[in-house]
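Reviewing the structure listed below.
Coordinate-derived values only; no laboratory data. This structure is a prediction, so every number in the text was calculated from the model and none was measured. Glycine gets a Cβ as well: all are built from the backbone with ideal geometry, and neighbour counts include every protein chain shown.
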Amino acid sequence: MLTYKSPLEVLERVFGYEAFRPGQEEIIRHILDSKDALVLMPTGGGKSLCYQIPALCLEGTAVIISPLIALMQDQVMALKESGVRAEFLNSSLSYDKEEEITQKLLSGRLDLIYVSPERLNSEGFKNILKKIKISLFAIDEAHCVSQWGHDFRPEYTKFYILKDLFPEVPRIALTATADLETRDDIIKNLHLENCRIFISSFDRPNIRYRVQIKDRERKQLLDFIKNEHPDDSGIVYCISRKRVEEIAEFLNGEGFKVLPYHAGLSQKEREKNQDRFLKEESIIMVATIAFGMGIDKPDVRFVAHIDLPKSMESYYQETGRAGRDGLPSDAWMVYGLKDIVQLNNFINRSNAPEEQKKIEKRKLNLLLGYSETVSCRRKAILEYFKENYPRENCQNCDNCLNPPVTYDATIDAQKVLSCIYRIQNERFGFGAGHIIEILTGKKSEKVLKFNHDKLSVFGIGKDNDIHQWQSIIRQLVILGYIKVEPEYMTLGLTGESAKVLRSLVKVRLRKYILQPKIKQAAEKQKTYSLNGSDTELFAKLKELRLSFAKAENMPPYIIFHDKTLMEMAHKKPSSLEEMGKISGVGETKLKKYGKAFLEKINQKIIPAAH
Ligand code: ADP
Ligand code: ZN
């Protein structure tokens with residue numbers, strides 16, 4: 001077996017990378033010094049190397065606890081491709097395979113063993129652990145220990161035992177969940193009191209955040225995908241099974257390769273769809289939140305929310321599935337008044353205790369505040385997680401690229417509120433549509449039926465069009481000056497409305513502009529701006545990669561990431577030595593694939609002589 005001198009050597013020779021990412025080296029050194037660590041790093045930050053490299057530097061086997069079978073398989077496959085001796089143990093294995101792996105483990109022929117939480121807790125496995133040399137324990141997705149989180153796993157609460165059983169073995173807990181409650185829970189439950197905490201920035205600089213008003217959602221979604229991601233993999237999040245089915249069918253009809261994913265599908269179908277999403281290219285997954293945890297696919301180029309998520313945490317987590325490979329990616333969302341009412345409705349109707357409902361409503365409101373914000377979205381996201389973003393302008397969100405216009409909307413607000421006031425005591429409630437008809441002086445059948453054309457407020461809002469009024473009303477709902485009765489979506493005044501009507505407060509709102517166009521110049525943000533012939537070569541290399549992937553029945557990104565292929569297409573290495581210098585080409589992959597890719601590249605640039 002190979003022995004490595006330093007973490008940097010492992011990074012270069014095994015993984016083919018030339019430099020550590022921020023934080024990685026320090027964490028690795030800490031583990032090599034046999035100390036415990038809690039690592040908080042965003043998705044795509046490079047957590048895996050923080051335990052994989054020590055595993056290769058230290059004597060013995062590293063035990064990695066991971067809650068998701070799919071994730072384990074993926075990681076082990078990727079490690080094996082890089083020539084690392086890794087295996088996993090979970091319920092998906094046959095008896096014979098399990099025996100084989102256990103033997104490898106017992107005879108010290110593994111550098112890493114991935115196990116499920118259930119397995120780790122079993123007496124049988126603990127007995128095996130007592131017989132071998134363990135280099136470290138890595139507890140991945142450590143937030144699963146927290147009852148408050150979204151992925152609570154009771155098995156995780158028993159891991160504190162590792163400290164008693166193996167006091168000398170360093171433990172590293174890792175998570176991409178940023179909030180403070182979860183962090184405290186991890187430390188408490190895993191008995192990590194003396195550990196060092198490593199916190200990276202949670203910024204995802206390669207993700208461009210955009211939020212638009214839902215106007216014609218299907219057209220908006222279609223325009224977004226057609227114009228910006230016609231051949232890419234992406235996820236479209238919807239609120240319900242029914243919505244998933246509808247949107248999937250729609251996109252399918254538009255000629256895209258689309259798969260649905262929600263809890264109503266059988267486990268088999270879900271697995272099949274997930275597998276295809278990982279292994280094929282250019283697939284759009286239309287899904288509920290049931291989809292995503294443990295999806296390690298690095299080249300998801302966009303995450304679209306066609307319905308609102310329920311909190312900032314969900315939004316961050318779901319959008320975070322885009323661009324793990326660090327290449328430019330989009331987080332795109334549309335929402336409207338109906339979404340707000342619907343989500344509030346869900347909360348009201350749930351069986352949760354009142355206290356819980358209150359928390360959920362507060363979380364929803366913070367998300368709505370984010371949606372309507374007129375300043376940098378990145379800053380808003382990071383501040384939500386108590387991180388200070390040092391700049392005012394990130395140059396990579398809609399508000400920074402295309403600053404929205406705000407105006408003093410006190411008079412507009414007063415017009416709407418007085419209109420609601422005039423009609424609120426009638427026998428029927430009225431929705432936004434009707435109120436807007438009155439304001440804009442439209443003599444519709446319904447307006448005439450209720451004699452609302454006789455009201456003093458009739459036609460006082462002709463200077464705004466219907467979209468502008470919708471936007472004003474939506475913002476006033478979010479600000480708490482209008483309430484919406486959930487069943488019929490009728491509007492009413494709130495305790496705060498009087499302050500506006502009496503001019504005690506000023507109201508500043510965002511001016512409505514339909515689908516702001518991102519400036520052309522700012523649109524391209526590519527790492528390697530591939531020119532025409534490079535793009536062609538990149539496509540060829542992807543084809544070659546896909547043929548290898550198919551032959552070995554593994555996702556293409558396990559072989560090489562897009563980033564690696566782009567670098568190949570750009571630099572066009574002409575020898576194996578040059579090929580070895582491409583980021584992501586380690587020694588094992590160079591041996592296995594170097595020649596084939598080299599030939600493809602050079603056949604492309606030197607046309608055969610006639
Ligand atoms: P996380 O688990 O934090 O979401 P990963 O460990 O999967 O992130 O890493 C994300 C991607 O970044 C992976 O494709 C990984 O190979 C790559 N990566 C990690 N560290 C480095 C590095 N030092 N240099 C280049 N790429 C890296
Ligand atoms: Zn910004």
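List of remarks:
- Percentage, to the nearest whole number, of Cα pairs in the chain over 39 Å apart: 38 percent
- Calculated [222 nm] ellipticity per residue, helices only, for the chain: -13000 deg cm²/dmol; basis is -39500 (n - 2.57) per DSSP H run with n ≥ 4, divided by all residues, nearest 500.
- What separates the Cα centres of the stretch 381-414 and the stretch 472-502 is a distance of 23 Å.
- Taken over the alpha carbons of the stretch 16-92 as equal point scatterers, the Debye sum produces base-10 log I(q)/I(0) values at 0.16, 0.19, 0.28 Å⁻¹ of -0.65, -0.93, -1.54.
- Within-15-Å neighbourhood charge of residue 248 [Cβ basis; K, R +1; D, E -1]: +1
- Share, in percent, of DSSP beta bridges within the chain that are antiparallel, nearest 5: 15 percent
- GluC sites (Glu not before Pro) within the stretch 217-309, DSSP loop, no more than 13 other Cβ atoms inside 10 Å: 254
- Cα-based Kirkwood hydrodynamic radius, the stretch 396-555, one decimal, Å: 19.4 Å
- Qualifying trypsin sites (Lys or Arg not before Pro) in the stretch 355-391, where qualification requires a DSSP coil assignment and no more than 13 other C-beta atoms within 10 Å, comprise 386, 391.
- Working from Cα pairs under 8 Å separated by at least six residues, relative contact order for the stretch 250-306 is 38 percent.
- Debye equation applied to the C-alpha atoms of the stretch 84-132, log10 I(q)/I(0) at 0.20, 0.25 Å⁻¹: -0.64, -1.03
- Within the stretch 92-177, the proportion of C-alpha pairs whose separation exceeds 15 Å stands at 63%.
- Maximal additional length on extending the residue 574-residue 505 stretch stands at 17.9 nm, based on 0.36 nm per residue less the C-alpha distance.
- For the stretch 526-588, the spread of Cα positions along each principal axis, largest first, Å: 31, 25, 19
- Dmax and Rg, reported as Rg then Dmax, of the stretch 367-487 (C-alpha, Å): 18.0, 57
- Applying the criteria of a DSSP loop state and at most 10 other Cβ atoms within 10 Å to the chymotrypsin sites (Phe, Trp or Tyr not before Pro) of the stretch 88-148 yields no site.
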